[in-house]
Every structure is written in structure tokens, then in C-alpha cells.
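Report on the following structure.
The values are calculated or read from the model by the stated rules, or taken from the named source; none is laboratory data. Keep in mind the model is a prediction, meaning the values are calculated, not measured. Quick reminder, even Gly has a Cβ in these numbers, built from the backbone with ideal geometry, and neighbours come from all protein chains shown.
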């Protein structure tokens with residue numbers, strides 16, 4: 001089985017470190033092949049979160065200077081969230097090591113968010129990121145990255161994904177850490193414990209409990225009225 005179910009998922013989320021950001025040294029932009037260079041936006045901080053009751057992934061990236069989008073100088077710069085899903089074969093090419101999903105934003109006029117499933121050769125397009133000064137926020141539905149366990153889109157298992165960030169502009173690059181997908185998505189503090197229960201695996205749904213209690217009270221009220229007559 002891909003995952004043990006919603007009960008185990010809820011327990012796991014309760015112990016996940018909250019809102020831990022991965023920092024990156026300022027001024028470490030270099031040539032993609034290792035030669036000194038400047039040009040790509042300088043990434044200094046990255047945070048990946050599980051949001052929307054466990055159904056979406058969101059990355060908040062902070063750069064050393066405000067981003068200019070569209071990028072009219074040379075080729076538009078590119079931001080890749082490089083992801084490894086442990087249930088899918090990894091792929092390595094150029095300076096991407098052991099990944100199998102890319103969440104990509106090119107600094108073009110429309111700058112949509114593109115999702116690439118590398119082994120499956122699948123693609124998807126989602127809403128553009130939010131860019132505010134030196135911060136870029138990218139959010140995508142979890143179902144575009146990882147198959148969920150009940151086919152409802154509510155339990156895509158995002159906590160299992162590893163990720164990193166690679167920023168490019170022409171022949172210049174900035175990598176988060178060593179560029180390998182070793183970061184993990186964390187859970188927002190206000191969403192811990194609020195994951196949706198998966199049917200058929202987490203016991204009786206709360207909605208059925210509420211409905212049963214309401215029907216019981218209705219039955220008691222009817223019985224009392226009849227006895228009063």
C-alpha cells in the first residue's frame with residue numbers, strides 16, 4: 001500500500017516541524033558549470049508547506065533583490081522546484097540529480113506555473129505565482145505532483161516528497177544547498193490536525209456521527225410528544 005491511511009497521516013502531521021525555512025548563502029550565484037558568474041536572481045531563503053487541508057503544496061521563495069517580471073534582459077530567468085517522489089523512478093540530467101517532477105516558472109509576460117512529470121512525460125499548467133518585491137509564492141494542487149491513496153484528491157501524500165530549488169538565467173545558476181531534493185514540505189501551524197478524513201480507512205466519518213446524533217434527538221422528541229398525548 002502506498003501509505004498507511006488517514007489516521008497515520010494525521011499522526012505524522014502532528015509531529016512534522018512547522019514552517020522551517022531553508023536558507024541559502026547570499027551572493028552564491030555562479031556559472032551553471034561551476035565558473036564564477038552573476039546574473040540569476042540570488043535565492044536566500046525557501047520554505048515549502050502543505051496547505052489547503054493537505055491537498056496543496058506551496059513554496060515561498062525569497063531573493064536578495066526584488067524580482068523584475070517579465071525579465072526583458074536576455075533570456076527570461078527560470079525558477080525550478082525540483083522534486084523527488086519516492087514512488088517514481090528518479091531522473092538525472094545536467095545539474096538535476098535524482099528528481100522526477102519539476103514545478104517551473106519562467107519570468108515571461110504571463111509566467112504560468114508549469115508542472116512536469118519527467119518519467120511519465122506528462123505536463124500540466126496552473127496559476128502564475130504571486131510575486132511581491134523579492135518574494136515569489138508558488139502553489140499547486142497536490143494531485144498534479146503525486147497520486148493520492150483514495151483517488152479523491154484529498155490525500156496526495158505530499159509529506160513524502162523531497163524538493164530543492166534551482167534558479168537559472170542563461171549560463172548562471174543559484175542552487176538551494178547542493179541542488180539535491182533533500183528538503184521536505186512542512187505543515188502550517190494553523191492546519192495541523194485539520195486534515196480531512198479519508199472514507200473507508202479512518203473509521204466513521206464525523207458527518208455521520210453528527211447526523212446520527214441529530215436523528216437520535218429527533219426520535220426522542222417524537223417519543224416524548226406522543227407520550228404527552
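Anything in segment 53-75 that is buried (at least 17 other Cβ atoms within 10 Å of the Cβ) and part of a loop (DSSP other than H, G, I, E, B)? List them, or say none.
54, 55, 67, 69, 71
Could we say that residue 26 is crowded, with 19+ Cβ neighbours inside 10 Å, assigned to a loop (DSSP other than H, G, I, E, B) and in contact with a strand residue (DSSP E or B) (Cβ under 8 Å, 6 or more places away or on another chain) here? First the steps, then the outcome.
Details: crowded, with 19+ Cβ neighbours inside 10 Å: no; assigned to a loop (DSSP other than H, G, I, E, B): yes; in contact with a strand residue (DSSP E or B) (Cβ under 8 Å, 6 or more places away or on another chain): yes.
So residue 26 fails the test.
Any idea how many residues of segment 155-184 are in a strand (DSSP E or B) and over 16 Å from the mean Cα position of the chain (by Cα)? Break it down into steps so the answer makes sense when it comes.
At the first step, the residues of segment 155-184 found to be in a strand (DSSP E or B) are 162-169, 172-175, 183-184.
So of that shortlist, the ones also over 16 Å from the mean Cα position of the chain (by Cα) come out as 167-169, 172-175.
Summing the residues that are in a strand (DSSP E or B) and over 16 Å from the mean Cα position of the chain (by Cα) in segment 155-184 gives 7.
Residues of segment 185-202 being part of a loop (DSSP other than H, G, I, E, B), modelled with pLDDT of 70 or more and out of contact with any helix residue (DSSP H, G or I) (no Cβ under 7 Å at 6 or more places or on another chain), which ones?
The initial filter retains those residues of segment 185-202 that are part of a loop (DSSP other than H, G, I, E, B), namely 185, 188, 192-202.
Among the residues that remain, those that are also modelled with pLDDT of 70 or more are: 185, 188.
Listed by number, the list holds a single entry, 188.
Look through 33, 104 and report the one residue that is modelled with pLDDT under 95, in the same structural domain as residue 186 (by TED's automatic domain parsing) and either over 25 Å from residue 189 (Cα atoms) or touching a strand residue (DSSP E or B) at 6+ places or on another chain (Cβ under 9 Å) (or both).
Details: 104 fails: modelled with pLDDT under 95.
Of the residues listed, the single one that is modelled with pLDDT under 95, in the same structural domain as residue 186 (by TED's automatic domain parsing) and either over 25 Å from residue 189 (Cα atoms) or touching a strand residue (DSSP E or B) at 6+ places or on another chain (Cβ under 9 Å) (or both) is 33.
From the list 164, 144, 182, which residue is crowded, with 18+ Cβ neighbours inside 10 Å and modelled with pLDDT of 95 or more? Step through it out loud before you land on a result.
Numbers: 144 fails: modelled with pLDDT of 95 or more; 182 fails: crowded, with 18+ Cβ neighbours inside 10 Å.
164 is the lone residue from the list that is crowded, with 18+ Cβ neighbours inside 10 Å and modelled with pLDDT of 95 or more.
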